[in-house]
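Scroll down for the structure; my scribbles are underneath it.
The values are calculated or read from the model by the stated rules, or taken from the named source; none is laboratory data. Note that this is a predicted model, so its numbers are computed, not measured. Ideal geometry is used to build each Cβ from the backbone, glycine not excepted, and the neighbour counts take in all protein chains shown.
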């Protein structure tokens, strides 16, 4: 009897029928929902002597358009130097950095975006992604028009915008 119960428990866990603390519900299970996308916009306010870009607080919304409007971004006057996504191939939630500096300026990612970026769309020709804050290597560079991170997927903590 004990052996039969153990085999039943193993089978329940293996097939996803046993849901408890720490277990993952199978897709379609009651109460299981995909996380909502969040799109955030930050503006570059200044560049200090080290090249560090200072940013506004992130304006976030369920859509990128709403986030851009909330941040007061104008399609004719402002342009993104980079759009960073938490999914591959420019999908998922995004962080749009609006500024005018593609000459080596860099930033530490805002709270909630460190170790999250998987792909980047470019406003600058080259964007370097660094594993650590303050441009600490290792690094991975993507080229315009953008693309997926491979070695640093979900690892960047700082980013540099280059010509």
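Points to keep in mind about this one:
- Lone qualifier among 91, 120 - being surrounded by fewer than 17 Cβ atoms within 10 Å (Cβ to Cβ) and either over 12 Å from residue 160 (Cα atoms) or modelled with pLDDT of 95 or more (or both): 91
- Counting the residues of segment 94-103 that are touching a strand residue (DSSP E or B) at 6+ places or on another chain (Cβ under 6 Å) and exposed (fewer than 15 other Cβ atoms within 10 Å of the Cβ) gives 0.
- Of all the listed residues (136, 127), the sole one being in the same structural domain as residue 75 (by TED's automatic domain parsing), buried (at least 19 other Cβ atoms within 10 Å of the Cβ) and touching a residue at least 12 places away in the same chain (Cβ under 8 Å) is 127.
- Candidates 141, 96, 103 - the one that is touching a helix residue (DSSP H, G or I) at 6+ places or on another chain (Cβ under 8 Å) and in the same structural domain as residue 43 (by TED's automatic domain parsing): 96
- Residue 44 assigned by TED's automatic domain parsing to the domain that holds residue 92 and either part of a helix (DSSP H, G or I) or at pLDDT 50 or above (or both): yes
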